Amino acid sequence: MSPSRKGAATEHAAETHGDRLGEDRLGEEHPTEEQEWLSDRIDSWVETYKKSMLTPAVLHLVARHQPTGITTILTELTRRTGWQITERGLYRTIKRLQDSGLLASTDTSAPRTGAKRKELSLTTLGRAFLSGVAENLIELPAAEIQAPEPQDSHVE
């Protein structure tokens, strides 16, 4: 998790639940057990989200820039999302999308060097798949989320 997001999650947990961060001898802050749990849950969710959204994100970028090369996809993906995707991971995803019939590739030669490279474009099936995914996405508002007040667990 990025330090800023982890810090924000920790601060949010502290504000929401009234917890205070403990300090060690050197005055460094340490998250509570609940804050660590929350941070781990957020990390896990974000990784699942990235894996789930990589396919539609790649298809969207190919649709927008087609025909396009893998370098363009990697650059745009990083610029738009901030995600650090390895070339190897992106190549695996693109190979899977090609094997599924969602992407087509054409071998071309680079203009000045003549080096071989692949240009990617969406297939008809890829356009239909991307359209179906887009119809089912939701957008969450960026508003502050208010946590409910903690309730006592005992009944009087």
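Please treat every number below as a calculation from the coordinates, not as lab data. All of these numbers come straight from a predicted model, not from anything done at the bench. Every residue, glycine as well, gets a Cβ built from its backbone with ideal geometry; the counts of neighbours run over all protein chains shown.
List of remarks:
- For region 34-138, chymotrypsin sites (Phe, Trp or Tyr not before Pro) are listed when DSSP marks them as loop and at most 10 other Cβ atoms sit within 10 Å of their Cβ; the list is empty.
- Contact order relative to length of region 90-147, as percent, for alpha carbon pairs under 8 angstrom and 6 or more apart: 26 percent
- Inter-label distance, Glu47 to Lys116: 3.6 nm, where each label sits 7 Å from its Cα along the C-beta direction.
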